[in-house]
Amino acid sequence: MAAPRAPGAALGGGEAGDGGRGGAGAVSNEDGRDCILEALSLPEGAGPSDTPEGSPSVPCIFCEEHFPAAQQDPLLKHMIIEHKLVIADVRLVADFRRYVLYWRRRFREQPITDFCSVIRINSTAPLEEQDSYFLLCDVLPEDRVLREELQAQRLKGILEQQQRERDDNSFHGVCMFCNEEFLGNRSVLLNHMAREHAFNIGLPDNIVYCGEFLSTLQRKLDNLQCLYCERTFRDKSLLKDHMRKKQHRKINPRNREYDRFYVINYLELGKSWEEVQSEDDRELLEHQEEDWSDWEERPVSAVCLFCEEQAGTTEQLCAHMEEAHGFDLLKTKAELGLNFYEQVKLVNFIRRQVHQGRCYGCCARFPSRADLGAHLAEASHAGLLPDRRTWDQPEYYFPTYENDGLLCTLSDSEGDLSAPGQSRGATVISEDTSQLQALRQSSVLNRLLPRGWEG
C-alpha cells in the first residue's frame with residue numbers, strides 16, 4: 001500500500017524536531033510547524049527493473065515492486081519518489097533486506113506517522129501545494145534496536161565464518177609472487193608471503209573470506225595493477241620492479257573494497273577499522289610510550305621552482321625543471337658542492353625571486369609569473385645563478401612557502417652532515433701542551449686540592 005498523504009495539520013504529530021540525521025536536509029520547528037531548510041537529495045541510480053528469476057530481491061516497503069538485493073539505490077529512489085520515504089544512514093544497516101521486511105510488516109500494522117518524523121516542504125505555500133516527506137532514522141528507539149540486532153547477527157555470522165576458516169585444513173593456495181603451492185591451513189600461505197616476500201596483509205586470525213580476498217589480489221596482479229598505488233603497468237616485470245623498489249608490496253589501506261575481509265570492520269555499528277583502531281591507539285598510549293615502528297610516511301608532492309608543475313619525487317621534479325626550464329638542480333648541487341643547508345638556501349632564494357617576479361639572472365622585473373617564465377625560457381636565465389654571496393645568506397634558511405614540499409625531498413648525503421653555522425675549510429687550532437707540567441705546578445687548583453693529589 002502507498003504511504004498516507006495526510007494534510008499538513010494532520011502530519012504535525014511526527015517527531016521532526018528530534019534531530020533525524022541524514023537523507024533529508026536540516027529541519028526546524030518554526031511557529032509550531034515542521035519545515036525543511038535544505039533541498040532533498042535523491043540517491044543516484046537506475047530506476048526499477050525486472051528482477052531475474054531466482055535471484056535475491058528486496059520488496060518495496062509499501063507496494064509489491066521488487067528490486068535486486070545487491071542494488072539499494074533503485075529501491076531507495078523508488079521509495080522517495082513514489083512514497084515520500086527517506087531512510088537515514090542506510091550504509092549503517094547491516095542487513096538491508098531484513099531491515100526493509102521488518103518495516104514493511106510494521107507499517108502495515110500501524111500508521112507511518114507513528115514511526116517517522118514528518119518533513120514538510122513548501123510550508124509557506126497554500127495547503128494544496130504543500131508536500132510532506134517521512135524520515136525513518138535511529139532517533140526512533142525501535143529503529144535503533146533493530147539496527148543493533150542486525151549488526152549483532154551479522155557479527156555472529158562473520159565470527160562463525162572466521163572460525164570455520166581457522167579450523168579448515170583443506171585450504172589450497174598458490175603464492176602470488178613465487179607460484180609455490182601450499183596445502184593445509186591458510187596461515188601457511190599468508191605467513192610465507194609475509195616472511196619471504198615482505199607482503200603482509202595482516203594476521204590470519206584477523207581475516208575473513210580469505211580465499212575470496214586472495215583471489216581479488218591475484219586478479220589485480222594479473223591485470224598488471226600495483227596493489228598499493230593501483231597504477232597499471234605494461235608487463236609483469238615492470239610491475240614487480242615497481243613494487244619492489246617502491247616498497248609497494250602491501251595493499252592500499254584507503255581502498256574500501258578490502259574492508260569486508262577484515263573482522264575489525266564488523267565489530268561496531270557505524271565505525272570503520274580506522275575509527276576503531278584510533279580508539280585502541282589512544283588507550284594504548286595512556287599506558288605505553290609512543291611507538292613509531294608502524295609509521296607510514298605519506299608521499300610528499302613537490303612543486304616546480306618556476307611553474308606549478310608537481311611531482312612525487314625529487315628525481316621527477318628535477319627532470320621536469322631541466323627539460324622545461326633548463327635548470328638542473330642535481331647538476332648545480334654537484335658542481336657547487338652544496339650540502340643540505342646550502343641547497344635549502346638556494347631553493348628558498350629562487351622561490352623568493354620567482355614570487356617577486358624578478359629574474360635573478362639579469363635582475364629584470366616582470367608583472368606576472370607567466371611573463372617571468374616566458375623570459376626565463378627565452379633568455380635561458382633559469383640556469384644563470386648569481387654570485388654565491390647573493391643567495392648563500394642566513395635569511396634564506398627560512399622558507400618562502402611554509403608548505404614547500406621540495407625542501408623535504410632534498411637529498412642529505414654523507415657530506416651534508418655539517419652544521420649550518422660551520423664553514424668549509426675551517427681551521428681547528430689545538431691547545432699548546434708544550435708547557436703542560438709548568439701549567440700544572442702553577443695552577444690555582446693546586447691550593448684547592450688535598451696534598452697527595454698532584455700528578
Considering only segment 188-206, how many residues are open to solvent by 40 Å² or more (accessible area, probe 1.4 Å), modelled with pLDDT under 90 and either among the aromatic types (Phe, Trp, Tyr) or more than 22 Å from ASN265 (Cβ to Cβ) (or both)? 3
ARG147: open to solvent by less than 90 Å² (accessible area, probe 1.4 Å), of a type in the set (Lys, Arg) and within 34 Å of the chain's Cα centre (by Cα), yes or no? yes
Residue list for segment 50-88, restricted to those being on the phi > 0 side of the Ramachandran plot and at pLDDT 90 or above: LYS84
I'd like the residue in segment 156-167 that is polar (S, T, N, Q) and farther than 22 Å from ARG219 by Cβ and, out of all such residues, is surrounded by the fewest Cβ atoms within 10 Å (Cβ to Cβ). GLN163
If we scan segment 207-218, do we find a residue that is more than 23 Å from LEU159 (Cα to Cα) and either among the hydroxyl-bearing types (Ser, Thr, Tyr) or modelled with pLDDT of 90 or more (or both)? yes
Qualifying residues in segment 69-90 (those that are small (Gly, Ala, Ser) and farther than 13 Å from CYS116 by Cβ) - the one nearest to the chain's Cα centre (by Cα): ALA70
Residues (closer than 14 Å to TYR266 by Cβ and aliphatic (A, V, I, L, M)) located in segment 139-156: LEU150, ALA152, LEU155
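Conditions tested, residue by residue: (1) surrounded by 13 or more Cβ atoms within 10 Å (Cβ to Cβ); (2) at pLDDT 60 or above.
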site	(1), (2)
LEU269	yes, yes
SER278	no, yes
GLU286	no, no
ALA311	yes, yes
Looking only at segment 119-134, and only at residues there that are among the aliphatic types (A, V, I, L, M) and surrounded by fewer than 23 Cβ atoms within 10 Å (Cβ to Cβ), the one that is modelled with the highest pLDDT: ILE121
(1) out of contact with any Cys (no Cβ under 8 Å at 6 or more places or on another chain); (2) crowded, with 18+ Cβ neighbours inside 10 Å; (3) in contact (Cβ under 8 Å) with a residue 40 or more places away in the chain all hold for PHE96 apart from (3)
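For every residue, the table says whether it meets (1) more than 30 Å from ARG244 (Cβ to Cβ); (2) open to solvent by 40 Å² or more (accessible area, probe 1.4 Å).
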| position | (1), (2) |
| --- | --- |
| LEU136 | yes, no |
| VAL139 | yes, yes |
| ARG154 | yes, yes |
| ASN169 | yes, yes |
| CYS175 | no, no |
| ASN179 | no, yes |
Given the conditions (1) outside any loop (DSSP other than H, G, I, E, B); (2) in contact (Cβ under 8 Å) with a residue 12 or more places away in the chain, which single one is not true for PHE199? (1)
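The values are calculated or read from the model by the stated rules, or taken from the named source; none is laboratory data. Everything numeric here is computed off the predicted structure, so don't read it as measured data. Methodologically, a virtual Cβ is constructed for each residue, glycine included, from the backbone with ideal geometry; neighbour enumeration extends over all protein chains shown. Quick note on the areas: whole protein, heavy atoms, side chains included, nothing else; ligands and nucleic acids left out. Shrake-Rupley method; radii C 1.70, N 1.55, O 1.52, S 1.80 Å.
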